[in-house]
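Trainee: Handing you this structure, nothing more for now.
The values are calculated or read from the model by the stated rules, or taken from the named source; none is laboratory data. Only a predicted model underlies this, so the values are computations on that prediction, with no experimental measurement involved. All Cβ positions, even for glycine, are placed from backbone atoms using ideal geometry, and neighbour counts span all protein chains on display.
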Amino acid sequence: MVIYGALGLQNNDRSLVSSIGEMVVYDAAAAFIAQHNADMEAAYSAFVAGTTEGYSEIFKLAGGGKLQRLGNKSRAAATKAGGKWDVAFPLENFGAAFEYDRVSYAMLTVQQLANELATVRTQDVGTIRHEMLMRLFNDDVRSFEDELADNPGTRSVQPLANNDAVLYPPVIGADSDTFAQHQHYITSGYTAANISDVNNPLPVIRAHLEEHFGTPSGFGNVCVYIHTNQVAKIKGLADFVDVNDIGITPGADTATVNSAPPGPGRLIGRCDGCWVYEWRWIPSGYILGLDYDQESPLKIRVMSAMYGLGQGLQLVAEDSKHPIKTSHYEHWMGVGVANRLNGVAMELTADATYDPPTAYASY
């Protein structure tokens, strides 16, 4: 673990925190937390476009259509430059704490502290992941009472496109220049057990993304994320191409992966113009798709830097003389959708109505 290296110790060292120096150990723990924050940004880059200190913004997308046919002396009528919509981001405090009395603190080892840090790291990963998937799979608008912004009030945190009042630019290939609603929470019309070459969900998901963003030659980087329970059915599709084991050098007649977007999850293959990732955190019976070549759907709101409270997971000392003994961990953040068109959530069901997964049905 990072904290051992920062302290110049072996991983099995059972030195007492008090013997090393509490402030030295605290600084090493803070460095571990900082590395964790950097790792989180990289791990979820496919879903998160970045962080923002703002509570709302106007998301803008280029428009489409054709130029107007003009006479020799006529001028073009004013038109929309592109699509735009309002989005908002919540900001909440998540935390954990470990407390030590006089005796337990005297007996506190670096190993015990390392276990504490590993626990908090796991909890933070789980919290970020849950908030992301909640916002991607839940098709309802979330009303959030924002008391920390310079303009306090109720924010409407949007999901992906869900046939609400927002009008999006014309889809690619449409003759009409009319902006229209779109629905990116869809159902397959069949259960997961009935996935087949006839009932193939991947082209449907890809089409919902390509109609907005287009398709480069040879397809692009549309990524679909599936639960482990759906792996066998997806691999059984005629167009599925397996990813080779990285520990085995393939033969001359074996297809190999040239390049693929980073996870999360495990890349298992390519099928019908989509990269397919197995990610156990995707709810069973659901598929999530997005176009990696476009701006990611989510943004994470963080605490404003002007307050000096830090951004990301923070190790907070309440006593400068004993920063480890009386410390806790907190993470101010909130997840919201910005690019509402870059994402498709599909429920594998014969029912025509999309229902969010139980774990993400309500806040």
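Trainee: So, of the residues in segment 84-117 that are surrounded by fewer than 14 Cβ atoms within 10 Å (Cβ to Cβ) and part of a helix (DSSP H, G or I), which turns out to be modelled with the highest pLDDT?
Mentor: Filtering segment 84-117 for residues that are surrounded by fewer than 14 Cβ atoms within 10 Å (Cβ to Cβ) and part of a helix (DSSP H, G or I), the one modelled with the highest pLDDT comes out as VAL103.
Trainee: State yes or no: is THR215 over 21 Å from the mean Cα position of the chain (by Cα) and modelled with pLDDT under 80?
Mentor: no
Trainee: Something else now. Are there any pairs, at least 6 apart or on different chains, whose C-beta atoms fall under 6 Å, with the first in segment 99-115 and in contact (Cβ under 8 Å) with a residue 60 or more places away in the chain and the second among the basic types (Lys, Arg), and if so, which?
Mentor: Listed pairs, sorted by first residue: TYR100/LYS325; TYR105/LYS325; THR109/ARG14; GLN111/ARG14.
Trainee: Could we say that ALA338 is farther than 30 Å from LEU108 by Cα, among the hydrophobic types (A, V, I, L, M, F, W, C) and surrounded by fewer than 19 Cβ atoms within 10 Å (Cβ to Cβ) here?
Mentor: So ALA338 does not fit the description; no.
Trainee: Next up: Residues of segment 16-33 being under 30 Å from the mean Cα position of the chain (by Cα) and either closer than 16 Å to GLN111 by Cβ or of a type in the set (Val, Ile, Thr) (or both), which ones?
Mentor: Within segment 16-33, ALA28, ALA29, PHE32, ILE33 meet the criteria.
Trainee: Within segment 303-317, work out how many residues are buried (at least 20 other Cβ atoms within 10 Å of the Cβ) and either of a type in the set (Gly, Ala, Ser) or over 25 Å from MET23 (Cβ atoms) (or both).
Mentor: Residues in segment 303-317 being buried (at least 20 other Cβ atoms within 10 Å of the Cβ) and either of a type in the set (Gly, Ala, Ser) or over 25 Å from MET23 (Cβ atoms) (or both): 1 in total.
Trainee: Tell me yes or no: at least one residue of segment 71-83 is outside any loop (DSSP other than H, G, I, E, B) and in contact with a Lys or Arg (Cβ under 8 Å, 6 or more places away or on another chain). Show your work before the answer.
Mentor: Here is the first cut: in segment 71-83, the residues outside any loop (DSSP other than H, G, I, E, B) are 82-83.
Filter once more, keeping what is in contact with a Lys or Arg (Cβ under 8 Å, 6 or more places away or on another chain): 82-83.
Within segment 71-83, one or more residues are outside any loop (DSSP other than H, G, I, E, B) and in contact with a Lys or Arg (Cβ under 8 Å, 6 or more places away or on another chain).
Trainee: Tell me, which residue of segment 270-294 that is out of contact with any Phe, Trp or Tyr (no Cβ under 9 Å at 6 or more places or on another chain) and among the small types (Gly, Ala, Ser) is farthest from ASP351 (Cα to Cα)? Can you show your working first?
Mentor: If we filter segment 270-294 for residues that are out of contact with any Phe, Trp or Tyr (no Cβ under 9 Å at 6 or more places or on another chain), which is where we start, we get 280, 284-285.
Filter once more, so that each one left must be among the small types (Gly, Ala, Ser): 284-285.
Working: SER284: 16, GLY285: 12 Å.
Result: SER284.
Trainee: Still on this structure, please answer the following. For segment 212-241, what are the residues that are of a type in the set (Ser, Thr, Tyr) and in contact (Cβ under 8 Å) with a residue 60 or more places away in the chain?
Mentor: TYR225
Trainee: Just a yes or no: is a residue in segment 129-140 closer than 30 Å to THR353 by Cβ, over 17 Å from the mean Cα position of the chain (by Cα) and not small (Gly, Ala, Ser)?
Mentor: Checked segment 129-140: at least one residue is closer than 30 Å to THR353 by Cβ, over 17 Å from the mean Cα position of the chain (by Cα) and not small (Gly, Ala, Ser).
Trainee: Read through the list (1) hydrophobic (A, V, I, L, M, F, W, C); (2) at pLDDT below 95; (3) in contact with an Asp or Glu (Cβ under 9 Å, 6 or more places away or on another chain), then give the number of the only condition that LEU202 fails.
Mentor: Checking LEU202 against (1) hydrophobic (A, V, I, L, M, F, W, C); (2) at pLDDT below 95; (3) in contact with an Asp or Glu (Cβ under 9 Å, 6 or more places away or on another chain), the one that fails is (2).
Trainee: Continuing with the same structure: Can you pull out the residues in segment 116-166 that are without any contact (Cβ under 8 Å) to a residue 12 or more places away in the chain and of a type in the set (Ser, Thr, Tyr)?
Mentor: THR122, THR154
Trainee: Restricting to segment 172-218, count the residues that are surrounded by 13 or more Cβ atoms within 10 Å (Cβ to Cβ), among the hydrophobic types (A, V, I, L, M, F, W, C), in contact with a helix residue (DSSP H, G or I) (Cβ under 7 Å, 6 or more places away or on another chain) and in a loop (DSSP other than H, G, I, E, B).
Mentor: Residues flagged as surrounded by 13 or more Cβ atoms within 10 Å (Cβ to Cβ), among the hydrophobic types (A, V, I, L, M, F, W, C), in contact with a helix residue (DSSP H, G or I) (Cβ under 7 Å, 6 or more places away or on another chain) and in a loop (DSSP other than H, G, I, E, B) within segment 172-218 amount to 1.
Trainee: Let me ask something else about it. Within the set of pairs 6 or more residues apart or between chains, which connect a residue that is under 16 Å from ASP164 (Cβ atoms) inside segment 337-363 to a residue that is acidic (Asp, Glu) with Cβ atoms less than 8 Å apart?
Mentor: Here the result reads ALA338/GLU57; ALA338/GLU295; ASN339/GLU295; ALA345/ASP139; TYR354/ASP139; TYR354/GLU347; PRO356/ASP139; PRO356/ASP140, each pair linking segment 337-363 to a residue that is acidic (Asp, Glu).
Trainee: Then there's this: For ALA161, state whether it is among the small types (Gly, Ala, Ser), crowded, with 18+ Cβ neighbours inside 10 Å and in contact with a helix residue (DSSP H, G or I) (Cβ under 6 Å, 6 or more places away or on another chain).
Mentor: When the stated conditions are applied, ALA161 does not pass them.
Trainee: I would also like to ask the following. Among the residues of segment 311-325, how many are at pLDDT 85 or above and not in a strand (DSSP E or B)?
Mentor: Number of matching residues: 3.
Trainee: Considering segment 219-246 alone, what residues qualify as being among the acidic types (Asp, Glu) and in a helix (DSSP H, G or I)?
Mentor: Once the filter is applied, which keeps residues that are among the acidic types (Asp, Glu) and in a helix (DSSP H, G or I), segment 219-246 yields nothing.
Trainee: Look at segment 326-361 and say how many of its residues are part of a loop (DSSP other than H, G, I, E, B), within 17 Å of the chain's Cα centre (by Cα) and farther than 22 Å from SER284 by Cβ.
Mentor: 5
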